[in-house]
Amino acid sequence: MDGGQNELERLMLFEHVRMNAEAEYAKNPTDADNLTKWGGALLELSQFGDINESKKMIKDSVARLNEALSINPAKHEALWCLGNAHTANAFLISDHDEAKPHFDDAFLCFKQAVEECPGNEHYLQSLASCAKAPELHKEIHKHGGLAQAQQTLGGGSAASSSAKSSAKKKSSDLKYDIFGWIILAVGIVAWVGMAKSNVPPPPPSR
């Protein structure tokens, strides 16, 4: 099916970006652009594993993005990606009080990204969405958490009663909201944005 093929292509693309960035880092560990690409690729790849793998990937992503920001604190692409990493991490935590500081960190990152690049619509959207994220988190985990959301999005088995089904449909809208925001916003837009902001393409492999 088309969806599965696209997923595989995305997995291969970001794995390729990650490997290139890792190789580049060995040659030049102070390249903030490269670290941002690496962190962004890890964040994308975090969507393909189970929850434990996802958490590890997100943690690695945060480390790379923080490293990029220690080199260039004004790098808005890294700030934006870091905001998305904190958001994704928060959604993987079921306890609301434990997740809240991650949403706060995300909000600060998006706010700084907007300050560094005021006209960027994606940053403004992320900042606005981030304010609603804790409420979405409550809804998601009230309905069984991210695993349940992924099952619903992936076409899990139909509900036994139509009443349950329509309740699921309602919560499913929220799930699309979150997954659309995290996956699409972090994914395609990040790389389109980065390509436009003078990040050179990786050298062709020999």
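The values are calculated or read from the model by the stated rules, or taken from the named source; none is laboratory data. Being a predicted model, the structure only gives us computed values, none of them experimental. Cβ sites come from the backbone with ideal geometry, for glycine too, and all protein chains shown count toward neighbours.
Condition (residue is in contact with a Gly (Cβ under 9 Å, 6 or more places away or on another chain), farther than 26 Å from Ser129 by Cα, modelled with pLDDT of 90 or more and assigned to a helix (DSSP H, G or I)) applied to segment 20-37: is it met by at least one residue?
Start the filter on segment 20-37 by keeping residues that are in contact with a Gly (Cβ under 9 Å, 6 or more places away or on another chain), which leaves 21.
Next cut, farther than 26 Å from Ser129 by Cα only: 21.
Filter once more, so that each one left must be modelled with pLDDT of 90 or more: 21.
In the following step, the residues that additionally are assigned to a helix (DSSP H, G or I) were identified as 21.
Taking every residue of segment 20-37 in turn, at least one turns out to be in contact with a Gly (Cβ under 9 Å, 6 or more places away or on another chain), farther than 26 Å from Ser129 by Cα, modelled with pLDDT of 90 or more and assigned to a helix (DSSP H, G or I).
How many residues, within segment 127-145, are touching a residue at least 12 places away in the same chain (Cβ under 8 Å) and not in a helix (DSSP H, G or I)?
The total comes to 1.
What number of residues within segment 74-126 satisfy the criterion of being touching a residue at least 40 places away in the same chain (Cβ under 8 Å), part of a helix (DSSP H, G or I) and within 17 Å of the chain's Cα centre (by Cα)? Don't jump to the end; show me each part of the working.
Pass one, segment 74-126, residues touching a residue at least 40 places away in the same chain (Cβ under 8 Å): 74-78, 80-85, 87-88, 90-92, 94, 96, 116-117, 120, 122-123, 125-126.
With part of a helix (DSSP H, G or I) added as a condition, the list becomes 76-78, 80-85, 87-88, 90-91, 96, 116, 122-123, 125-126.
Filter once more, so that each one left must be within 17 Å of the chain's Cα centre (by Cα): 76-78, 80-85, 87-88, 90-91, 122-123, 125-126.
Number of matching residues: 17.
Could you go through segment 55-63 and let me know if any residue there is among the polar types (S, T, N, Q) and farther than 22 Å from Glu116 by Cβ. Outline the logic, then answer.
Restricting attention to segment 55-63, the residues satisfying the condition of being among the polar types (S, T, N, Q) are 61.
Filter again for farther than 22 Å from Glu116 by Cβ, leaving none.
Taking every residue of segment 55-63 in turn, none turns out to be among the polar types (S, T, N, Q) and farther than 22 Å from Glu116 by Cβ.
Kindly provide the set of residues from segment 44-73 that are among the hydroxyl-bearing types (Ser, Thr, Tyr), touching a residue at least 24 places away in the same chain (Cβ under 8 Å) and assigned to a helix (DSSP H, G or I), ordered by number. Outline the logic, then answer.
Looking only at segment 44-73, we keep the residues that are among the hydroxyl-bearing types (Ser, Thr, Tyr), and these are 46, 54, 61, 70.
Pick out the ones that are also touching a residue at least 24 places away in the same chain (Cβ under 8 Å) and you get 46, 54, 61.
Within segment 44-73, Ser54, Ser61 qualify.
Looking at (1) surrounded by 16 or more Cβ atoms within 10 Å (Cβ to Cβ); (2) touching a His at 6+ places or on another chain (Cβ under 9 Å), find the lone condition where His96 falls short.
Status for His96: all satisfied but (1).
Counting only residues that are acidic (Asp, Glu) and closer than 21 Å to Gln125 by Cβ, how many does segment 60-91 have? Step through it out loud before you land on a result.
Of segment 60-91, the ones acidic (Asp, Glu) are 60, 67, 77.
Pick out the ones that are also closer than 21 Å to Gln125 by Cβ and you get 77.
Summing the residues that are acidic (Asp, Glu) and closer than 21 Å to Gln125 by Cβ in segment 60-91 gives 1.
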